[in-house]
1. Looking at Ala263, Ala307, Ala284, Ala288, can you tell me which residue is touching a Leu at 6+ places or on another chain (Cβ under 9 Å) and not in a helix (DSSP H, G or I)?
2. Which condition from (1) out of contact with any Lys or Arg (no Cβ under 9 Å at 6 or more places or on another chain); (2) in contact (Cβ under 8 Å) with a residue 12 or more places away in the chain; (3) over 17 Å from Leu64 (Cβ atoms) is the one that Ala307 breaks?
3. Among Gly106, Gly111, Gly84, which is the only one that is more than 28 Å from Leu308 (Cα to Cα) and either at pLDDT below 85 or among the β-branched types (Val, Ile, Thr) (or both)?
4. Please give the number of the condition Leu101 fails out of (1) closer than 28 Å to Asn311 by Cβ; (2) not in a helix (DSSP H, G or I).
5. Which numbered condition trips up Ser245, out of (1) over 30 Å from Ser213 (Cα atoms); (2) surrounded by 18 or more Cβ atoms within 10 Å (Cβ to Cβ); (3) among the hydroxyl-bearing types (Ser, Thr, Tyr)?
6. Does Val176 meet the test of being crowded, with 20+ Cβ neighbours inside 10 Å and not basic (Lys, Arg)?
7. Could you check region 206-239 and list, in sequence order, the residues that are in a helix (DSSP H, G or I) and either farther than 28 Å from Ser136 by Cβ or among the hydroxyl-bearing types (Ser, Thr, Tyr) (or both)?
8. Would you point out which residue out of Phe189, Phe219 is under 26 Å from Leu68 (Cβ atoms), surrounded by fewer than 17 Cβ atoms within 10 Å (Cβ to Cβ) and in contact (Cβ under 8 Å) with a residue 12 or more places away in the chain?
Amino acid sequence: MADTRPKAPVDQAGEAQELRRTEHGAQVHEVAVGPEREFTVAARSQRQMVLRRFLAHRLAVGSLVVFLIVVILSLIGGRFWRYGYADVVESTAELSSPPSLKHPMGTDGIGHDTLAQVLRGAQKSVQVALMVAFLSTTTGAIIGALAGYYRGWIDSALMRFTDLVLTIPLIAILAVLAANVAEKAGNWFFIGLVLSFVLWTSIARVVRGTFLSLREKEFVEAARALGASDARIMFRHLLPNATGSIIVNATITVAVAILLETALSFLGLGIRPPDTSLGLLVSAGQQAATTRPWLFYFPGLVIIVIALTVNFIGDGLRDAFDPTQTRVRA
């Protein structure tokens, strides 16, 4: 006797599909049910989410590109330019000449090519800023981590030392050093060390506050229960949670260091001739701002570009590391 029961239909792959019974009034139907589809969402790591949010901040991305161009030009651009920062033009007709194809930023009264001097000045300013950012960030992160994790007398001693450093005026320090260490006072490395000594305090306070809020969390208690050392808890579990704040403050420190180095060179307490910096160029060109404006405005424009781009980069990093940030900014 032939089997009159409905057979399961076969899909394109040749596999039988499951039959599901449905009732419509007095009739009973069997409907083929295909294989269930699984919808999966690829998990993103914290690094991928931060990068995605930063790339969505178009102003920060554009500022990063401009800042990298300025840094690359300042570090290696002088090697490919036809004039050195200390070279003097041979023709007297080129003294104090305005911008031209031969001298895109003109020349000064002695015959130095302004573009070559701006590249050299930007190189020294960027070197000082990056050195200050690295040293002050490292020092501030370590002091803030120790103060926030151990609390008690260690916290009190480190924070009182931080308050003491905050009360010391930077100009007074540079003035004393310039008078007593004259052979080193105009060196960019020495200036970077001095600026690093006074610019780590804000980062230390930020890291301390982060550690105070995180040290009582459950994951820290679990790490202690598993026998993790204090150093491992601080640098393996707590410090990564403060990375966002540290990076944002480091970018701000770059801008502050450039402006401070510019101000010190403008006052004669920073980098000195025969070397040069952006602040020194602005200081030298201020008296000629009305008659030879290119000597004043081109170095000043580079300072403004560096400071603005670094601040915009810090703004983008702050939004990228903020987990509550959902609005995409232009």
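The values are calculated or read from the model by the stated rules, or taken from the named source; none is laboratory data. As the structure is a prediction and not an experimental result, all values here were calculated from the model. All Cβ positions, glycine included, derive from the backbone under ideal geometry; neighbour counts span all protein chains shown.
1. Ala288
2. (3)
3. Values: Gly106 fails: more than 28 Å from Leu308 (Cα to Cα); Gly84 fails: more than 28 Å from Leu308 (Cα to Cα).
Among Gly106, Gly111, Gly84, only Gly111 is more than 28 Å from Leu308 (Cα to Cα) and either at pLDDT below 85 or among the β-branched types (Val, Ile, Thr) (or both).
4. Result: Leu101 passes all but (1).
5. (1)
6. No.
7. Listed by number, the residues that qualify are Thr210, Ser213, Glu218, Phe219, Glu221, Ala222, Ala223, Arg224, Ala225.
8. Only one candidate passes the filter, namely Phe189.
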